[in-house]
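The values are calculated or read from the model by the stated rules, or taken from the named source; none is laboratory data. Since this is a predicted model, take the numbers as computed values, not measurements. Neighbour counts run over all protein chains shown; Cβ positions are idealised from the backbone, glycine included.
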Amino acid sequence: MKCRRCKAPAVIEIRRHNAAFCPPCFEHHCMEQVRKAIEQFKMIDTAERILVAVSGGKDSLALWDMLLDMGYDADGLYLGLGIGDYSSESARYTRAFADRRGAKLVEVDIPAEFGFDIPTAAEVTRRVPCSACGLSKRHLFNKAALDGGYDVVATGHNLDDEAAVLFGNVLRWQTEYLGRQLPVLPAAHGFPRKVKPLVRLAERETAAWCVLRGIDYQVEECPNAEGNKHLGYKAALNEIEDASPGSKHAFYFGFLDKASGHFTPESEAEKETLRPCTGCGAPTTGEELCAFCKLVARVAKAGA
Amino acid sequence: MKVLLRNPKRELDVPGPLRVSALLERLEVNRESVLVIKGDTLVTGDALLTDDDTVEVRPVISGGA
């Protein structure tokens, strides 16, 4: 198989583009897709300071690597989640990448700073670990961005992630979630802008980026994610993609283009009722404490 | 050839010669969900693998969102 751009031997085939690329042309392809997403959705201005949420996995490290190569002022934020060996490994990959690139890494360790870990929070709240994990991440990404004076938080959500979330939300017609499933969430009411520059790349491409660039990343899956719905949706979509390449792209970008405008982004009324959390000052719709401070209090009360 | 698989980590011996696409079919792996790595690079579906090769079939699907 030959590279579509230069006719050298190809190392990766991307069926939805009906293309194959050699390593340098594949890097060019990835950078072009990310540039296109940033421009198309007006994600980042060149002079802005970016905080990249990094986990030590392929997507976030590839994103950070690409943004740095594009010349953006991009620091990393790593959250220690306290998920045993999985967290120790992910921290190791993240620090090694930051060292290699000479990039600034901000670290927040949840067990050290807030006195709980994700498995314990899941046990106390009797909900799936991904619930406490997502809640903590959203809160701490916002806080770190505002504390550090960053203009924008960038996350490594890729085309597969977005298509799978869309699939789940459509299956159950969760219209409140459909309204905010956008590649850019503007800054508002004490929340920083959030962007997803990898939405035009499939996760096979972000993994390939890391392999070809010699970036070591955490290949093993989070032990808490095993068997979750999100993985099931991805498997279903990949069956469709295999039979009909381009389906995931058409599903997600067709939604953005033709359907997302029909859903309300988030009720304006809800935004109007935001008030500062009495614990941490973050904006919340709650009467006193925000969801994260409630979680911290609940775990402390349980003596966990 | 030696084939390294993940989740769980294991190693298989598969007789060659065999194209990458045929290997994935034999393993019943969706080609959209993996990369095939040989040495420090990747190989496409039409690449021919021989008995002397060692390849890793690496899953690329992450569960978080």
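Quick notes on this one:
- With respect to (1) under 30 Å from residue B:34 (Cβ atoms); (2) more than 14 Å from every other protein chain (Cβ to nearest Cβ); (3) of a type in the set (A, V, I, L, M), the lone exception for residue A:63 is condition (2).
- Index of the failed condition, residue A:71 passing every other in (1) in contact with a strand residue (DSSP E or B) (Cβ under 9 Å, 6 or more places away or on another chain); (2) in a loop (DSSP other than H, G, I, E, B): (1)
- Selected residue (only one of B:10, B:6 is surrounded by fewer than 18 Cβ atoms within 10 Å (Cβ to Cβ) and either in contact with an Asp or Glu (Cβ under 8 Å, 6 or more places away or on another chain) or of a type in the set (Phe, Trp, Tyr) (or both)): B:6
- The residue pairs whose first member lies in segment A:1-16 and is part of a helix (DSSP H, G or I), whose second member is hydroxyl-bearing (Ser, Thr, Tyr) and buried (at least 16 other Cβ atoms within 10 Å of the Cβ), and whose beta carbons are closer than 9 Å, counting only pairs six or more residues apart or on different chains, are A:16/A:247.
- Restricting the first member to segment A:95-111 and to residues that are farther than 18 Å from residue A:150 by Cα, and the second to residues that are among the β-branched types (Val, Ile, Thr) and outside any strand (DSSP E or B), the beta-carbon pairs closer than 7 Å and six or more apart or on different chains are A:97/A:215.
- In segment A:33-58, residue surrounded by the fewest Cβ atoms within 10 Å (Cβ to Cβ) [restricted to those that are assigned to a loop (DSSP other than H, G, I, E, B) and within 14 Å of chain B (Cβ to nearest Cβ)]: A:56
- So residue A:127, is it surrounded by fewer than 18 Cβ atoms within 10 Å (Cβ to Cβ) and part of a helix (DSSP H, G or I): no
- Elements of type strands (runs of 3 or more DSSP E) contained in chain B, each with 1 or more residues being more than 12 Å from every other protein chain (Cβ to nearest Cβ) and within 11 Å of the chain's Cα centre (by Cα): B:2-5, B:10-13, B:54-59
- Residue count for segment A:221-277 satisfying the condition of being at pLDDT 95 or above and of a type in the set (Val, Ile, Thr): 1.
Every residue, every condition in (1) loosely packed, with under 15 Cβ neighbours inside 10 Å; (2) closer than 30 Å to residue A:246 by Cα, yes or no:
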residue: A:85; (1), (2): yes, no
residue: A:90; (1), (2): no, no
residue: A:103; (1), (2): no, no
residue: A:139; (1), (2): no, no
residue: A:142; (1), (2): no, no
residue: A:153; (1), (2): no, yes
residue: A:159; (1), (2): no, yes
residue: A:172; (1), (2): yes, yes
residue: A:178; (1), (2): no, yes
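- Per the listing A:22, A:3, A:30, the residue uniquely of a type in the set (A, V, I, L, M, F, W, C) and either more than 30 Å from residue B:19 (Cα to Cα) or away from every other protein chain (no Cβ under 13 Å) (or both) is A:30.
- Unique match (being in a helix (DSSP H, G or I), touching a strand residue (DSSP E or B) at 6+ places or on another chain (Cβ under 7 Å) and buried (at least 19 other Cβ atoms within 10 Å of the Cβ)) among A:219, A:211: A:211
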